[in-house]
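First the structure, in the form of structure tokens, and then the observations on it.
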Amino acid sequence: MMDVGRVSAEGPSPGRAHTYRMPLPRLALTRDVSHGPLDGAWWPRCDALELELPALVGSLDPGFGTVTRVTVDTAAWPDAPRTVMTPDHVIEVVLTDVDTEAHAITLDCGTVGRWELLVIPPDEPGGAATRMLAAAADPGNPLTAPQMLALAETDLDREATWESEGGSGIV
């Protein structure tokens with residue numbers, strides 16, 4: 001018989017505690033100076049900003065500076081907390097419902113600058129998400145985040161129509 005032992009009110013002892021670290025973010029950034037409205041794209045795995053944001057911030061090059069504040073769309077992140085803890089600091093979360101900010105996250109890095117990323121919905125099909133990651137990271141991309149997602153939806157609708165009419169079955 002196994003001796004279970006007692007767990008104090010404070011929880012398990014530190015030696016027995018388990019922590020979970022989010023996988024590396026699915027992220028594509030513009031390599032050079034961006035000439036468009038976006039500096040890249042981020043494809044989170046879930047809609048829990050408090051889980052996803054520390055992994056995103058932790059994966060950025062230190063040359064980006066310290067992310068002190070993010071601005072996110074209330075439609076994409078309805079339950080976003082007002083602050084998110086990272087291992088090093090607290091990030092302020094600003095919620096917006098401005099249409100031009102839809103499906104985007106703005107990373108404010110103090111005096112270093114700001115980066116605008118397309119936020120690809122977690123449930124987006126892999127092929128469409130991969131295309132959007134690449135397109136948003138293209139320095140010549142002229143599209144905003146809402147425009148890119150609208151275009152992706154149009155492409156998915158066309159693909160579904162083509163397949164429903166027997167397109168994929170034709171050899």
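The values are calculated or read from the model by the stated rules, or taken from the named source; none is laboratory data. None of these values were measured; they are calculated from a predicted model. As a convention, Cβ positions derive from the backbone with ideal geometry for all residues, glycine included, and neighbour counts pool all protein chains shown.
Tabulated results
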| read-out | value |
| --- | --- |
| Hits in the stretch 128-153 - residues which are acidic (Asp, Glu) and either in contact (Cβ under 8 Å) with a residue 40 or more places away in the chain or in contact with a strand residue (DSSP E or B) (Cβ under 8 Å, 6 or more places away or on another chain) (or both) | 138 |
| Some residue of the stretch 17-26 being under 30 Å from residue 115 (Cα atoms), assigned to a strand (DSSP E or B) and either modelled with pLDDT of 80 or more or not small (Gly, Ala, Ser) (or both) | yes |
| Residue match in the stretch 61-83 (condition: among the acidic types (Asp, Glu) and closer than 18 Å to residue 148 by Cβ) | yes |
| Test: residue in the stretch 103-123 that is in contact with a strand residue (DSSP E or B) (Cβ under 8 Å, 6 or more places away or on another chain) and of a type in the set (Gly, Ala, Ser) | yes |
| Meets criteria (at pLDDT 80 or above, of a type in the set (Val, Ile, Thr) and in contact with a Phe, Trp or Tyr (Cβ under 7 Å, 6 or more places away or on another chain)) for residue 105 | yes |
| Flag for residue 41 being in contact with a strand residue (DSSP E or B) (Cβ under 8 Å, 6 or more places away or on another chain) and outside any strand (DSSP E or B) | no |
